[in-house]
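Participant: Supplied in structure tokens, the structure appears directly below.
The values are calculated or read from the model by the stated rules, or taken from the named source; none is laboratory data. What you see is a predicted model; the values in this text were computed from it and never measured. Here the Cβ positions follow ideal geometry from the backbone for every residue, glycine too, while neighbour counts run over all protein chains shown. We work out accessible area using only protein heavy atoms, side chains counted, and drop any ligands, DNA or RNA first. Shrake-Rupley method; radii C 1.70, N 1.55, O 1.52, S 1.80 Å.
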Amino acid sequence: EYRLCQEHKSRFSNICAELVSIGIPETINHGDFHDGNVLVKNGHITFFDWGDADITHPFISLRTFFVSIEMSLELDDYEFTPEMEVLLDIYLNSFKEFASKKELRKAFALSKPVASLITTLKWRESIARMTEPMRAEHDWIVPEVLREFLYRMNEIKEI
């Protein structure tokens, strides 16, 4: 898989450039945005566990959000339900001042392999700092998310 990733190097660079060219500004990314890191109490919402936060393209955070839904609902890998489409449209709507709906959809598609690769690198770094038996428990994640990266790269046909 490493060899396959290397073959995508130039294309990945083009995808990143195309994503940036759409003109959506970078923002804070929670880095681990899922239902387990959100507390709702008495009408107040608190987001916690900001240990993976960074500044990046705002669509990068959607990967973890949708993967957590996929896992919670026990969906097939990369399954995107009509309800998830509705949530995506709500999220994308907040960026309509920067791009058309079509461009926002394109940016979301372009962000998928970027988010997968970022996730791979973050997990690799985290696992490298772990001691046994934690490392052995989590070492499957890097190759799995790398396979996701390859899948996401193959979804993008135009670039």
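Participant: Please report, as a whole percent, how much of the solvent-accessible surface of the stretch 14-115 comes from carbon and sulfur atoms (probe radius 1.4 Å).
Facilitator: 57 percent
Participant: Hey, rough spin-label estimate for ALA53 and CYS5, points 7 angstrom out along Cα→Cβ, what's it come to in nanometres?
Facilitator: 2.8 nm
Participant: Something else now. Would you kindly find the accessible area of GLU18, with a 1.4 Å probe and non-protein molecules such as ligands, DNA and RNA excluded, rounding to the nearest 10 Å²?
Facilitator: 60 Å²
Participant: Evaluate the relative contact order of the chain (contact order divided by residue number), counting alpha-carbon pairs under 8 angstrom at least 6 apart; express in whole percent.
Facilitator: It rounds to 26 percent for the chain.
Participant: List, in the order given, every pair from LYS101/LYS122; LYS9/LYS102; LYS122/LYS157; LYS102/LYS157; LYS9/LYS101 whose Cα-Cα distance in the structure shown is over 24 Å.
Facilitator: LYS101/LYS122; LYS9/LYS102; LYS122/LYS157; LYS9/LYS101, as the Cα separations exceed 24 Å there.
Participant: Hey, got the dipole for the chain? About the Cα centre, +1 on K and R Cβ, -1 on D and E Cβ, debye to the nearest 20?
Facilitator: 600 debye
Participant: OK, next. Only one of the listed values, [x] 16.3, 51; [y] 14.2, 47; [z] 15.2, 46, was derived from the coordinates as Rg and Dmax of the Cα atoms in Å; which label is it?
Facilitator: [x]
Participant: Still on this structure, please answer the following. How much length, in nm to one decimal, is gained on full extension between GLU155 and HIS44, taken as 0.36 nm per residue of separation minus their Cα-Cα distance?
Facilitator: 36.1 nm
Participant: Only helices at least 30 Å long along their axis, Cα-based, and averaging -1.0 or more on Kyte-Doolittle count here, so list those DSSP H runs from the chain.
Facilitator: The answer, listed by residue number, is 101-129.
Participant: Tally Lys/Arg at +1 and Asp/Glu at -1 over every other residue whose Cβ is under 14 Å from the Cβ of ASN29; what's the total?
Facilitator: -3
Participant: Mind grabbing the accessible area of PHE65 for me, 1.4 Å probe, Å², rounded to tens?
Facilitator: Result for PHE65: roughly 50 Å² accessible.
Participant: The stretch 81-159: which trypsin sites (Lys or Arg not before Pro) are DSSP loop and have at most 14 other beta-carbon atoms within 10 angstrom?
Facilitator: LYS96, LYS157
Participant: Could you rank ASP49, ASP35 by how accessible they are, 1.4 Å probe, largest area first?
Facilitator: Values: ASP49 75, ASP35 110 Å².
Ranking ASP49, ASP35 by accessible area, largest first, yields ASP35, ASP49.
Participant: Is there a quick way to get the dipole size of the stretch 23-107? I mean about its Cα centre, with the Cβ of Lys and Arg at +1 and of Asp and Glu at -1; what is the value in debye to the nearest 20? Kindly include the intermediate steps, with their values, before the conclusion.
Facilitator: On the way: 7 positive and 16 negative charges, 101 e Å.
Taking the Cα centre of the stretch 23-107 as origin, the dipole is about 480 debye.
Participant: Taking a point 7 angstrom from the Cα of ASP76 along the C-beta vector, which residues in the stretch 121-155 have backbone N less than 17 Å away?
Facilitator: Flagged as within label range: 148, 151-152, 155.
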